[in-house]
Amino acid sequence: MKTSVIILACFLGCAHIAQAQQTENPKMNQFVDLAGTIGKSQGTGALSYVHNWRVGRKRKIEAGVGARLTSAGGAKLIHTTAGPARLTRTFTTPFIIFFAGQKTENWDTLTVQRPFVNALNVTINLGYDFNSKLSAGFNIDLVGASFGRHSSSVFQSNGQTRTDPDSKPTVFNLLLTGDHDKGSLNSEFFLKYYLNQKWGVRAIYQFLFTEYTAGTVRQTAPDRTVIDRFRNKANNFGLGVAYRF
């Protein structure tokens, strides 16, 4: 409860500062956003603060940073081997690793029975304003930390099944692209429509990583690497509401 109050106070503090700055500098677009998404056996809620600068000759391009708290929960979610990338992908070049094939023969699974992860991350944001009403954008978590529910899990490796009594969310989050990433990271593509000068609504496609670290079970890869991190990758859809300062 104390953690939630502190986080809410931080967001409100950022919002107060943003409102003062927006009056002084109209070249900025600052807002808070509340979003919800759903996917297969899971759902998320996210609260964000975003500080964008409008750039370009017509100032239609937006780029900036922000902070986001994403809470993700579900039931019996399958998490697969989280890396290292050399074991899970056919090539590991950062950024273009998205196009690499998957080495599923090196995957083990950790089915987390009652997953619930809270990921507090710094975000980077890009957008384009088509007109005063309609815009499109992309955002992604960069670095931060996670906390959440410990849960029992079912670990499966080489046809053998074991129970892990205390799997927990991976604490450290870091964007390194693809299977190089660490922890739980949220990213969105969206369309936003402003109802008036202050309020806007968003249609969202979300690509979400949530990661758990096993308590007692371990995967031993063919090269003898010992692995205790397992990741769920989700494609979710949802809506958001934004308030602009």
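The values are calculated or read from the model by the stated rules, or taken from the named source; none is laboratory data. As the structure is a computational prediction, the values presented were derived from the model and not from experiment. Cβ: placed from backbone, ideal geometry, glycine included. Neighbour counts: every protein chain shown. What goes into the accessible areas is simple: the full protein's heavy atoms, side chains included, and nothing from ligands, DNA or RNA. Shrake-Rupley method; radii C 1.70, N 1.55, O 1.52, S 1.80 Å.
Key figures for this structure:
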{"quantity": "Residue order for K76, K168 - accessible surface, 1.4 angstrom probe, largest first", "calculated": "K76, K168"}
{"quantity": "Given charges at beta-carbon only (K, R positive; D, E negative), |dipole| of the range 101-245 in Debye", "calculated": "440 debye"}
{"quantity": "The range 180-230 shape via C-alpha gyration tensor axes, a/c threshold 1.5", "calculated": "prolate"}
{"quantity": "Where only C-alpha atoms are counted, convex hull volume of the chain per residue in Å³", "calculated": "121 Å³"}
{"quantity": "Principal-axis tilt of helix 2-24 within the chain, Cα atoms, nearest 10 degrees", "calculated": "30 degrees"}
{"quantity": "Farthest toward positive dipole pole in the chain [+1 Lys/Arg, -1 Asp/Glu at C-beta], among P115, N125, S157", "calculated": "N125"}
{"quantity": "Lysine-lysine proximity count for the chain, Cα under 18 Å, sequence distance 8 or more or distinct chains", "calculated": "18"}
{"quantity": "Pairwise label distance in nanometres, V226 with K198, each label 7 Å out on the Cα-Cβ vector", "calculated": "5.7 nm"}
{"quantity": "Solvent-accessible area of H150 with every protein chain in place, 1.4 Å probe, in Å² to the nearest 10", "calculated": "100 Å²"}
{"quantity": "Helix-only mean residue ellipticity at 222 nm for the chain, each DSSP H run of n ≥ 4 adding -39500 (n - 2.57), per residue, nearest 500", "calculated": "-3500 deg cm²/dmol"}
{"quantity": "Listed residues D166, D129 arranged by accessible area, highest first, probe 1.4 Å", "calculated": "D166, D129"}
{"quantity": "Protein-only accessible surface order, largest first, of E105, E211 at 1.4 Å", "calculated": "E105, E211"}
{"quantity": "Estimated FRET transfer efficiency (W107, T177; beta-carbon r; R0 22 Å; 0.05)", "calculated": "0.70"}
{"quantity": "Accessible surface, the chain, averaged per residue in Å² (probe 1.4 Å)", "calculated": "51 Å²"}
{"quantity": "Alpha-carbon Rg/Rh ratio, for the range 95-144, with Rh computed the Kirkwood way", "calculated": "1.15"}
